[in-house]
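One structure is given below, encoded as structure tokens.
What follows is calculated from the coordinates using simple rules that are stated; it is not laboratory data. All of these numbers come straight from a predicted model, not from anything done at the bench. FYI the Cβ positions are ideal-geometry reconstructions off the backbone, even for glycines, and counts take in every protein chain you see.
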Amino acid sequence: MIHLLNFSFINFRWEDIIDIFLVSVLLYQLYRLVRGTAALNIFIGVAVFYVFYRSVRLFDFELFSSILGKFIDVGVIAILIVFQQELRKFFLFIGTYNVMGNKRIRKAMFSWGDVSKETELDIFSVVKACRNMAEGKIGALLIITRGNDLKFYVNTGDPVDARVSVRMIESIFFKNSPLHDGALIITNNKIRAARCVLPVTENNDFPAHLGMRHRAAVGITENTDSLAIVVSEQTGEIALGRDGALETNISPDNLKDLLEKYLSN
């Protein structure tokens, strides 16, 4: 007697709809992490192989599915090795965009007891310093933290612990200053450290005419919720990095508006 296929799995429950939705969200976030990198092709290959394996099991090819199953068992370890950086970004994403990382929620929960006091960023000083450096074509990279305090990257630089001011920012990025090479990290209107080392983006589609400061600005915003301001040493143009994207050739007035908008969230 010919074995008939059982298609009872087509009967959907409401739990299945939630399951499919959660898987879709997970796959989309994983795709965002590997988009534009060499890992994208590996990600697609793994997805195709898994779909093929499930199809073989559906048609009850016992020997073939057993062989493929061995590859699946070993493949978990291989995926952890191959996608090491992407998995790190994924867990950073989860740790960064948490509920307590939302400024409005923190204020609502803690403002009554003054448990967490935050000093608003002196946007005027930041914008004025960037304008002056842009006019003098002085290269600069400023990182403004939000939910993630970037402690790891702060420790790669030299501690400053000074209030944000135009003169302080300009003196750090003065061409003869020993602190000018690297990133300056600001938290709660405090310059925490200078000469910090940041990760650079691995996006293959990144514009070739942009330098390492721009790559670092995108790299740090891919992994965290921080904002990155770049002043080009070659052109004097100002750029703003956020969520792994870079807005280039923006005016000081536009920079002020964007900072006010993003820091109010």
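Think of each Lys and Arg Cβ as +1 and each Asp and Glu Cβ as -1; about the Cα centre, that makes the dipole of the range 123-263 roughly 460 debye. As a calculated quantity, the FRET efficiency between Val51 and Glu247 at R0 = 41 Å, using C-beta atoms, amounts to about 0.65. Calculated on the alpha-carbon coordinates, the convex hull of the range 123-263 measures out at 94 cubic angstrom per residue.
Between Leu179, Val197, Pro252, the Cα set farthest toward the positive side of the dipole of the range 123-263 (charges on each charged residue's Cβ, about the Cα centre) is that of Leu179.
Among residues other than Lys190 with Cβ under 9 Å from its Cβ, the summed charge is +1 (Lys and Arg +1, Asp and Glu -1). Residues of the range 127-147 falling in the label zone of Asp181, defined by backbone nitrogen less than 18 Å from a point 7 Å along Cα to beta-carbon, are 138-142. Taking a point 7 Å from the Cα of Asn203 along the Cα-to-Cβ direction, the residues of the range 219-256 with backbone N closer than 12 Å to it are 219-223, 240-248. Site pair Tyr28 and Ser171 shows an inter-label distance of 4.9 nm when each label is modelled 7 Å from Cα along Cα→Cβ.
When the Cα convex hull of the range 204-258 is projected onto planes of every orientation, the mean area is 3.7 nm².
Normalised by the number of residues in the range 123-263, the mean separation of alpha-carbon contacts (under 8 Å, six or more apart) gives a relative contact order of 29 percent.
Could you compute the net charge surrounding Gly241? Neighbours are other residues with a C-beta less than 12 Å from the C-beta of Gly241; K and R count +1, D and E count -1. Please report the intermediate quantities before stating the final value.
Values: positive: Arg213, Arg215, Arg242; negative: Glu222, Asp225, Asp243, Glu247.
Charge balance in the 12 Å sphere: -1.
Work out how much length Ile42 to Tyr262 would gain on full extension: take 0.36 nm times their residue separation and subtract the Cα-Cα distance, in nm to one decimal.
Gain on extension, Ile42 to Tyr262, equals 75.8 nm.
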